[in-house]
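For reference, the structure is listed below as structure tokens.
Any read-out appearing in this document is the output of simple, stated calculations on the displayed coordinates, not a laboratory observation. From a predicted model like this one, the values you see are computed outputs, not experimental measurements. Here the Cβ positions follow ideal geometry from the backbone for every residue, glycine too, while neighbour counts run over all protein chains shown.
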Amino acid sequence: MSSPTLPTASFPVRVFGGPTALFEYGGLRFLTDPTFDGPGDYVRPDGRYLTKTAPSLGTPDDLGPIDVVLLSHDEHDDNLDNSGRALLADASLTLTTPGGGERLAGHLGEKAKGLADWESIELDRPGGGTITVTGVPAIHGPGPREEVEPITGQVVGFVLTGQGLPTVYVSGDNASLDAVEEIAERFAPVNTALLFAGAPRFPGVLFDGRCIVLDSAQAAQAAKILDADRVVPVHYDSWAHFTEGRDELVTAFTAAGLAHRVDFGVRG
């Protein structure tokens, strides 16, 4: 696929596999859901397990200083693994769910903050001005939040805005296009959308095998809803429960007439 023509307001996004990406915005450096462990199994208390199938495309030492970690949730190893959890201590701030903020405050103190839906925090930019980070709805599975959250837990997405800056959306582990519609009503058009995809499924275990995060076709639909200039897909490789990868994303965005808007980022 040829490189898309992107608006001048776009900025490089480094991707490391799974949900982990790094970008600079308004002079601050943001990292999403840090996962840097090697391949292996993670056994959960309920007996389910996750399998990481490929190493990350970098290490925490490759990142440089991190101003803000945007952590969609802290309870699943494919969004926050052992290396990622250790990394949080070196970041200036971690933004996450309200419950996650309380859990992480035990060892991060005031460097961890939970954001409820539509709650915002103002971050000072180097040289003056601010960036607003707003927590936005995300549902980690099919169905209403009240039915899904008791099973998969709280998740939060993020929207970044600032004077003279493009609007950026980081979806987190969201499977709900209704949530995307709500976000679009307030923030569309979006310049850059980091969409978590991969169609993760647990047949016979969770939700009758239905996706717990967007599949590729839904990601393309989300891009349309958001009127996104650029989509950077993440959360589609390196884990066994991801059932759709880069090829399916290209096919879905091509079918939707949006292939020119996809940017797979700088690898590592």
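List of remarks:
- Projecting the Cα positions of Tyr25, Gly114, Ala240 onto the charge dipole of the chain (unit charges on Cβ atoms of Lys, Arg, Asp and Glu, taken about the Cα centre) puts Tyr25 furthest along the positive direction.
- Summing Cβ point charges (Lys, Arg +1; Asp, Glu -1) relative to the Cα centre of region 153-268 gives a dipole of roughly 220 debye.
- Extension gain, Asp247 to Arg267: 0.36 nm times the residue separation minus the Cα-Cα distance gives 5.6 nm.
- Taking amide H positions as modeled 1.01 Å from N, with prolines and chain starts lacking one, the residues under 5 Å from Val266 and 5 or more places away or on another chain are Val13, Arg14, Val15.
- Projected label distance in nm at Asp178 and Asp208, using a 7 Å step from Cα toward the beta-carbon: 1.7
- Dipole of the chain, positive direction: furthest Cα of Gly141, Val43, Leu249, with charges on the beta-carbon: Leu249
- Cα point-scatterer Debye curve for the chain, base-10 log of I(q)/I(0) at q = 0.15 Å⁻¹: -1.08
- Computed FRET value (nearest 0.05) for Ser120 with Tyr49, which takes r as the C-beta separation and R₀ as 25 Å: 0.10
- Springs between Cα atoms under 10 Å define the GNM used for the chain, and in it the highest mean-square fluctuation of Pro144, Pro19, Pro233 occurs at Pro144.
- Here the label points at Ala86 and Glu185, each 7 Å from Cα along the C-beta direction, are separated by 4.5 nm in the simple model.
- Three-way shape call for region 136-268 based on the alpha-carbon gyration tensor, with the a/c threshold at 1.5: oblate
- Candidates Pro166, Pro65, Pro200: whichever shows maximal mean-square fluctuation once the chain is modelled as a Gaussian network with Cα springs under 10 Å: Pro65
- Near His260, once Lys and Arg are set to +1 and Asp and Glu to -1 for all other residues with Cβ below 12 Å from its Cβ, the sum equals 0.
- Assigned charges on the beta-carbon of Lys, Arg, Asp, Glu; the chain dipole about Cα centre (debye): 500
- Neighbour net charge for Gly26 - beta-carbon separation under 13 angstrom, K R +1, D E -1: -2
- Distance between the C-alpha centres of region 240-268 and region 192-218: 14 Å, rounded to the whole angstrom.
- Burial order of peptide ranges 107-113, 239-245 (average beta-carbon count within 10 Å, highest first): 239-245, 107-113
- Sequence-separation-based contact order of the chain, relative, with Cα cut under 8 Å and 6+ spacing, percent: 19
- Theoretical ellipticity at 222 nm over the chain - DSSP helices of four or more residues, -39500 (n - 2.57) apiece, nearest 500: -6000 deg cm²/dmol
- Largest mean-square fluctuation among Ile151, Ile212, Ile131, in a Gaussian network model of the chain whose springs join Cα atoms under 10 Å apart, belongs to Ile151.
- Residue-span extension gain [Ala256 to Thr132] - 0.36 nm each, minus C-alpha spacing: 41.5 nm
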